[in-house]
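K.L.:
Take a look at this one; I'll ask things after.
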Amino acid sequence: MAPAGGIEAGYAALHYGADAIYLGLRRFSARADAENFDLEELDRVTAYAHSLKPARRVFVALNTLMLQHEVAEVVDLIAAVADIGVDALIVQDLGIYRIAHKHFPRLRLHASTQMAIHNLEGAQVLRDMGFARVTLARELTLDEIREIAADAGVETEFFAHGALCYSYSGLCLFSSLTVGRSGNRGRCAYMCRDRFRLPDGSGSGSFAFSMKDLAVPDEIEELRASGVSSLKIEGRKKSPLYVAATVNYYRKLLDGTLPAGERRACEADIQTIFSRPWTNLHLRNRLNPQVIDVEFVGHRGTPVGRVERVLRTDGKSWLRFKTDRPVERHDGLQVDVPGMDKPFGFGVDMLRMPAGSHRERAGRIFMAPAGSTVEVALPPDSPRIPENAVVYCSSSQDTKRRYPYARPKPGSFRRRHALHIALHVRKDSLEAVAEDADGGRASETIAGPFSPARDAHATETAARKAFDKTGDTRFSLSKLDVDNPDRLFVPVSALNDLRRNVLAQLDKEIAGRFDRHVAAVQQAVSADAPRKAESKSEPRWSLKTDRFEHLAAFQLDDWESVNEVVLAIERIPPKKLLGELDALAAIIGRDRIRLALPMITRSHERAFLQEQLGALRSAGWTRWEAANPSAWRFLGSEFKDLSADWSIYVMNATAARQVLDMGASRVTLSPEDGIENLRALLGACGALATVVVYQDTPLFIADNCVRANLDGACPGPGRCKSEPLSMESSHGDHVIALDRGCRTVVIGELALGWGAQIPQLVAAGARSFRADFLYRTYEPRAVAEIWRTLRAGRAVPRTHVGNFDRGLM
């Protein structure tokens, strides 16, 4: 499955053997900065893909979170996409899922990797919801992929090549809470590609979170054998040339038609177009420390030699190296220069062979073959280039010439309704009845008289030619029945007039049918609001923590103001967990305690969670919180009361209704939301929605250990340095990286705090508030003081408000 950021990339992918392409529209695409498609382009590329032999498939990614005011627009888009006849919709938002699943049942649904499905249980939950395919988290190992593909009962898809996010996809809030550009809205500012310095201030820092590119050519056969349904190439912001070269490479690998020599050439082609260093991520090692490119960021290229020297002649600086591949004018070269964020790049404007070369005449040339020693003129502002530095080819004219692709003639493909035309010829009238496969019907009549024909077959032949001429309409003739019992003659002009009239009438009928359906769906979705609970006069307050000791300084007055304590059970041994729960229950009662399942539970963590759940169930605990779809499977039906945490994203009332219909009693609104959308949600949900007003929001949640990445080695589980790692980006963003058992959670130096905003939230309809004390180690007195400040509706010092005022982009 190949990316199509625009229609040309789609054609390139199909030309080089993609079985399917996935693409985004101009709105609601997780790659909002890509070229993307309008509906007319989508119609063209879908019809073209379906016309190929064998037919190819087109998947539309509507894989961002939907705000409340956007619901009507999304309904219109889903209706249009379904009408065009695409093969699947890729979604993240549960509101979009609900609209498509309920009102467009013929539209196949795929779960985006933005849903962070990382275990068998999560895939099974989505299967039961009606998803046909699940795109798995990139962080998985081969064994985990095999397990899910074998036992989930749903198609699986896995990324094989392309850019990587540091965080689990869908769980990165760094860009959103720092600069207001949400990755969950397709507006990521790529904060992970920034340079970060450690607190001692030594050196210029490193790219601690900048991932290499995923590439799994050596694992292709194992992935095929795993039972994965689709291998996916990332790259909707990449060029058609990149798509062509990458699809060509993996198509030939899958087909077994790529000999070793050609394989290396294909890899070099991809690398000259766009490539960071490659990694197979965690397929073979979930603790792989070699996944970050700490020294440089951005496109590197393919290695072609090493710097022999830089010399000064003819008033210019010339870089000399021996090239491993042909080099020609207008190629691009890059060299790693210490101290620079990106490799130093320059075009090959002047190329020459040095004196004493084997050529007949040394001097300036247009092209040098592989194995040549060449000199390339450097730009006047070039930095000092060290000898023996690697020279990369970052743009190749030869590569650009080698990947032509076929494009259909403009206007030659669009979705067409197959028509059955029944033509009734009588002496005094000519009637055409047109029907399409979806039940559309129209009829038109032209008055006679019509006289006997010399050749009755000529009438039928003329009718077929006339009705075959559907032109740029949405129709194509599939069947024509001519009922002409009196063997009458009909002029061609009459047949053409009749065709135009009946097709116009049918077109109007189909458009009306579509509009009526969309209007009915809009009305149904508007009415599909949560069944709002009665709002109490006094707000309800809850507190969430991952450490019992955080609550040690609470006094009786503090406990009286706590309606509920939510305890994150992650990593707490069952015996300790039960003992401390009993102690807490003695203070506030069992009915005021809720237990939160982890956001991430990989296969190696499953047994521990199941042991916890077994012990808790046996002890009679029945109130839970879900942070990932897998929680529904882990808990089964054995829960009295289930709430959903913010990572079960609810940014529209339709998503809220879906989560509640799945058995949740309450939803938690996203910390990346803003007051305008919160106002609309709270108006619909009221006390059913909890607003988090204090939180160390995880900016990254990653199974990529930052310390191992920086050190280039992993000491092994249990032997890591576990103290928090403070870091500062080149833009002045201060963050703290926390080790959570070979998982990295990055939080901001400042917590999210909406204490001063509580009156606005109450006025908007909020009746349930929560304060989180997770990840960071707090002094118990600080927790109590923050709690009291929030309860008084005041701002907590050293906090930020995130997107509260500015809203989401």
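The values are calculated or read from the model by the stated rules, or taken from the named source; none is laboratory data. Computed from a predicted structure; not experimentally measured. Cβ: placed from backbone, ideal geometry, glycine included. Neighbour counts: every protein chain shown. When the accessible area is computed, the model is the full protein with side chains, heavy atoms only, and any ligands, DNA or RNA have been set aside. Shrake-Rupley method; radii C 1.70, N 1.55, O 1.52, S 1.80 Å.
K.L.:
Pairs of alpha-carbon atoms within less than 8 angstrom and 6+ residues apart define the contacts here; what relative contact order does the stretch 414-542 have, in percent?
P.N.:
After rounding, I find 29 percent.
K.L.:
OK, next. Could you please report the charge total around ILE273, scoring K, R as +1 and D, E as -1 over all other residues with beta-carbon less than 10 angstrom from its beta-carbon?
P.N.:
My count for the surroundings of ILE273 gives +1.
K.L.:
Find how much the distance from HIS604 to ALA792 grows on full extension, using 0.36 nm per residue of separation minus their present alpha carbon separation; answer in nm with one decimal.
P.N.:
That pair, HIS604 and ALA792, stretches by 63.3 nm at full extension.
K.L.:
Of the listed peptides 469-477, 245-253, what is their order by residue-averaged count of other C-beta atoms within 10 Å, with the highest listed first?
P.N.:
Ranked from most to least packed, the peptides come out as 245-253, 469-477.
K.L.:
With N residues in the chain, what two-decimal value do you get for its Cα radius of gyration over 2.2 N^0.38 Å?
P.N.:
In units of the 2.2 N^0.38 Å rule of thumb, it is 1.12.
K.L.:
Any idea what Rg and Dmax come out to for the stretch 447-582 if you just take the C-alpha atoms, in Å?
P.N.:
Both quantities, over Cα of the stretch 447-582: 37.4, 106 Å.
K.L.:
Follow-up question, since we're still on this one. Length gain on complete extension for the stretch SER730 to GLU538, per 0.36 nm per residue less the alpha carbon to alpha carbon distance?
P.N.:
So the chain would gain 64.6 nm between SER730 and GLU538.
K.L.:
Which residue, PHE274, PRO259, VAL228, has the largest displacement toward the positive end of the dipole of the stretch 158-280 when charges sit on each Cβ (Lys, Arg +1; Asp, Glu -1)?
P.N.:
Going by the charge dipole, the pick is PHE274.
K.L.:
Quick check for you: with a 1.4 Å probe and neighbouring chains kept, what is the accessible area per residue of the chain, in Å²?
P.N.:
Each residue of the chain exposes 40 Å² on average to a 1.4 Å probe.
K.L.:
To continue, here is another question. Each label point is 7 Å from the Cα along the Cα-to-Cβ direction; what then is the distance between the points at ARG309 and SER526, in nm?
P.N.:
Label at ARG309, label at SER526, 8.0 nm between them.
K.L.:
Based on alpha-carbon centroids, what's the gap between the stretch 638-715 and the stretch 737-809 in Å, whole number please?
P.N.:
A separation of 14 Å, based on Cα centres.
K.L.:
Same structure, new question: Rounded to the nearest 0.05, what FRET efficiency do TRP559 and ASP38 have when you use their Cβ-Cβ distance and R0 = 41 Å?
P.N.:
0.10
K.L.:
Under unit Cβ charges (Lys, Arg +1; Asp, Glu -1), what dipole magnitude, rounded to 20 debye, does the chain have relative to its Cα centre?
P.N.:
That gives a dipole near 1060 debye.
K.L.:
OK, next. What FRET efficiency comes out for SER637 versus ARG263 if R0 is 41 angstrom and r is the Cβ-Cβ distance? Round to the nearest 0.05.
P.N.:
The calculated FRET efficiency here is 0.20.
K.L.:
Also: Treat every Asp and Glu Cβ in the stretch 488-604 as -1 and every Lys and Arg Cβ as +1, leave all other atoms uncharged, and give the resulting dipole magnitude about the Cα centre to the nearest 20 debye.
P.N.:
540 debye
K.L.:
For a quick check of your reading of the filter: which trypsin sites (Lys or Arg not before Pro) in the stretch 97-166 sit in a DSSP loop and have no more than 11 other Cβ atoms within 10 Å?
P.N.:
ARG106
K.L.:
Enumerate the lysines that LYS469 could reach by cross-link, defined here as Cα to Cα under 24 Å, with residues fewer than 8 away along the same chain left out.
P.N.:
Of all the lysines, those that pass the test against LYS469 - Cα under 24 Å, at least 8 places apart if same chain - are LYS409, LYS479, LYS508.
K.L.:
I'd like the carbon and sulfur percentage of the solvent accessible area for the stretch 30-178, probe radius 1.4 Å, heavy atoms only, ligands and nucleic acids excluded.
P.N.:
Of the solvent-accessible surface of the stretch 30-178, carbon and sulfur hold 47 percent.
K.L.:
Packing-wise, with mean Cβ within 10 Å as the measure, how do 703-710, 366-373 rank, highest first?
P.N.:
Top of the packing list down: 703-710, 366-373.
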